[in-house]
Amino acid sequence: MVKTVLIFENDGLMANYAAGEWAAIAGKAVSDKGRFTAALSGGKTPAGLYRKLSGIKKLPWDRTHIFIVDERFVPFEHEDSNYGMIERNLLRHTGIPQENIHPVSTAVDTPGEAAERYEEELASFFKTGNGSLDPPGDGIPRFDLILLGLGADGHTASLFPGAPCLRETSRLAVAVSPSGPAEHERITLTLPVLNNAENVMILAAGDKKAAAAREVIGDKNSLLPAAMVKPGNGKLVILIDRGAASLLSASCQPQS
């Protein structure tokens, strides 16, 4: 794994850099394979990047396939739907073919069924079999790019500290039970999928993310979910603003 940490003065500069990386990765993937695959996360910080990308018409949108990293078990029209946010900020502005968009279907009876159907979609698209990782490490989709956020508690995707799904080795996607009565149930990609990506970018902004960012970046033995994202045969880039970097070494300098 190649790991890089970059610090920016603000989230606008961070979005500009991430958009440039997206363009480079997409261009190489289309040149090498004829298509570009990306899995996207929800959240306020990625939303800024999506708005930036939505205005770049020269990107190969017709060869781009969009998947969702994690989703709440709510209708797409719900204000908490990750797909809904991504559709509003990015997809509707790009002209990307509808068949190139692969959301997590929540129009089913249970989150477990939604996870199973998403696994089937992943396995069919990437031709990895039935979605099983038996033996572990076999038949895992390899995304060109996965975009992740960072929670103040160190979670990423819908992988939360101490959750049993952090030990998952036999599934591509799983249902996640809520941590509180007000929380929506969720569906998320598992660590084996995240760690098989060619490129992973983690974006974090704001003082509330500072403690988690310090541990994820500086503690190689951390058990925070975001610290467990270690693409074995890929690149990991962590992008943070000054707020999220406030507890890091003073020697760190921002990117211009």
(message) Checking the conditions here, which among Gly234, Gly149 is in contact with an Asp or Glu (Cβ under 6 Å, 6 or more places away or on another chain) and at pLDDT 95 or above?
(response) Gly234
(request) Sort through Ala15, Ala24, Ala107 and tell me the only one that's surrounded by 15 or more Cβ atoms within 10 Å (Cβ to Cβ) and modelled with pLDDT of 95 or more. (result) Ala15
(message) Please pick out the residue among Tyr83, Tyr50 that is over 26 Å from Pro178 (Cα atoms), of a type in the set (Phe, Trp, Tyr), assigned to a helix (DSSP H, G or I) and under 15 Å from the mean Cα position of the chain (by Cα).
(response) Tyr50
(request) Search the stretch 226-249 for residues that are among the hydroxyl-bearing types (Ser, Thr, Tyr) and pair each with any residue that is surrounded by fewer than 18 Cβ atoms within 10 Å (Cβ to Cβ) and part of a helix (DSSP H, G or I) when their beta-carbon atoms are under 7 Å apart and the residues are at least 6 apart or on different chains. (result) Ser246/Asp207
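The values are calculated or read from the model by the stated rules, or taken from the named source; none is laboratory data. Bear in mind the structure is a predicted one, so any value in this text is a computation, not a measurement. With ideal geometry, Cβ positions are generated from the backbone for all residues, glycine too; neighbour counts draw on all protein chains shown.
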